[in-house]
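J.: I have a structure here, written as structure tokens, and I will follow up with some questions on it.
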Amino acid sequence: MWLIPLAVFVLAFAKCFNLRESFNETVWFSVAYIGTLGIIYVFDMTPYGYISTSPTGIGGVIAMLAGFIAMWIRHRRWRKEEAIKKAQREAAARAEAERRKAAGLPPAQEGGLIAGAFRFAGSVQRARKGAKGQSQTTQ
């Protein structure tokens with residue numbers, strides 16, 4: 001039984017490559033799975049015995065389907081949230097670019113510290129090549 005949450009976590013991570021969202025989808029699956037098993041157990045306690053709570057029986061299959069449906073719903077909601085966040089980031093970047101342009105500043109550089117370091121190294125290399133080319137033409 002302990003393999004089910006682990007397998008669900010791996011499946012969720014394979015879908016989104018985000019640890020936090022994988023954990024959230026695993027929680028959604030587990031809550032729906034256990035909740036459905038609880039409902040099936042209540043029905044099993046009645047004298048009619050429609051569905052058995054056996055993990056390998058129809059009750060387990062129904063609970064797994066409910067878990068996967070909950071996981072799918074959470075994944076769809078996450079995708080919508082990410083699309084909204086991306087649109088907001090792009091709008092903020094456009095506004096920042098227009099603000100910098102209106103202020104007469106150069107455009108902002110994309111990336112972080114490492115990208116800046118590589119950009120600087122490239123500019124130094126270009127300057128050296130340019131200086132080397134100029135010294136060869138003057139000789």
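The values are calculated or read from the model by the stated rules, or taken from the named source; none is laboratory data. Everything quoted here is computed from the prediction, not taken from an experiment. So basically every Cβ, Gly included, is an ideal-geometry build from the backbone, and we count neighbours across all protein chains shown.
J.: Tally up the residues in the range 80-104 that are surrounded by 10 or more Cβ atoms within 10 Å (Cβ to Cβ) and either more than 25 Å from C16 (Cα to Cα) or touching a Phe, Trp or Tyr at 6+ places or on another chain (Cβ under 6 Å) (or both), please.
T.: Count: 8.
J.: Let me ask something additional. Within the range 18-70, work out how many residues are surrounded by 18 or more Cβ atoms within 10 Å (Cβ to Cβ), more than 13 Å from I4 (Cα to Cα), in contact with a Ser or Thr (Cβ under 8 Å, 6 or more places away or on another chain) and of a type in the set (A, V, I, L, M).
T.: Number of matching residues: 3.
J.: Please state which of the following conditions A97 fails to meet, knowing it meets all the rest: (1) out of contact with any Pro (no Cβ under 7 Å at 6 or more places or on another chain); (2) modelled with pLDDT under 90; (3) among the small types (G, A, S).
T.: Here A97 meets the rest and fails (1).
J.: A follow-up question, please. Residue check: is K129 surrounded by 10 or more Cβ atoms within 10 Å (Cβ to Cβ) and closer than 26 Å to N18 by Cβ?
T.: Considered against the rule, which asks whether it is surrounded by 10 or more Cβ atoms within 10 Å (Cβ to Cβ) and closer than 26 Å to N18 by Cβ, K129 comes out as no.
J.: Could you grab me the full set of residues in the range 22-60 that are out of contact with any His (no Cβ under 8 Å at 6 or more places or on another chain), closer than 12 Å to M71 by Cα and not small (G, A, S)?
T.: Result: F23, N24, T26, V27, W28, F29, V31, Y33.
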